[in-house]
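Take a look at the structure set out below.
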Amino acid sequence: MTTTLSFFSSVSRLATGALSTGTLTDAFPSTDSRTRRVVARVTAAALLAAGAMGAICAAPVEADDEGAEITASISGLRNDEGVVRIALYAREDQWLSHEHTVATCTAHVHGDSASCSLGHHAPGTYAIALLHDEDADGDMDTDFFGFPQEGYGFSSGARPGLGAPSFGDASFAHGLDRTVAAIRARYGL
C-alpha cells in the first residue's frame, strides 16, 4: 500500500514525532540495536525526503540575470515516469526550507536521466535537493511506515545519515563559468 504525504503538514509531524521522541524505535522493543539503527536511518531518509519535497514543490523564485548558469544533471532514475523536481539553495540557515529556495525547476525524464537549468546566479556556494516525482502529483509517495517510495538526491553526492545531509555536505562552489551539478538519484535508504 502506498500513501501520499502532504509535506507541508507531515514534515513537522515527522520531525517532532518518531525521531525526536524515539517512538518509532520504541515500537520495535524486541529487536537488536542494529535493526533499531536501520529503522532510525530509514526514518531519517523519509524525513529528509519530506523536507526536500516541501521545498521543491514551493513556487519557483526567479533566477538572477547576472552570473553564470547552474544546471542540474540527474542520473540513476529507475524509470522514465513522472518528472524530477529540483530546488537550489544558497544559505545553510535556509537549507531545505520551502520558503527559501533560490530557484526551482521541473525536468522531464529521458531514459534514466533528466536535466534542467536553474538559471543564472552570482558566484557563491549553493546546494541542490531533488525528488523523482514518478506520478507527478507534487508529493512524495511513502509506504505504511513513512519510508520514501520515490527517488531523491542531493548535490555533491551528499548522503543521508540519521537526518538530512547538511548544507555543507551538499554544497558546491559556483564561479564565473557555467556549473553542471551531477546528482545520482537514490531510492529507499
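The values are calculated or read from the model by the stated rules, or taken from the named source; none is laboratory data. Note that this is a predicted model, so its numbers are computed, not measured. Neighbour counts are summed over all protein chains in view; Cβ atoms, including those assigned to glycine, are modelled from backbone coordinates with ideal geometry.
I'm trying to understand the selection: among the residues of region 86-131, which are among the polar types (S, T, N, Q) and either within 16 Å of residue 183 (Cα to Cα) or touching an Asp or Glu at 6+ places or on another chain (Cβ under 6 Å) (or both)? Before the answer, list the steps.
Keep residues of region 86-131 that are among the polar types (S, T, N, Q), which gives 94, 97, 101, 104, 106, 113, 115, 117, 125.
Of everything in region 86-131, those that are among the polar types (S, T, N, Q) and either within 16 Å of residue 183 (Cα to Cα) or touching an Asp or Glu at 6+ places or on another chain (Cβ under 6 Å) (or both) turn out to be 104, 106, 113, 115, 117.
Suppose we keep only residues that are at pLDDT below 95 and out of contact with any Lys or Arg (no Cβ under 9 Å at 6 or more places or on another chain) within region 149-189. Which one would you say is surrounded by the most Cβ atoms within 10 Å (Cβ to Cβ)?
That would be 164.
Might you let me know whether region 64-83 holds any residue that is touching a Cys at 6+ places or on another chain (Cβ under 8 Å) and either over 12 Å from residue 183 (Cβ atoms) or modelled with pLDDT under 95 (or both)?
no
Search region 75-133 for residues being crowded, with 20+ Cβ neighbours inside 10 Å and charged (D, E, K, R), and hand back the single one that is farthest from the chain's Cα centre (by Cα).
This residue is 133.
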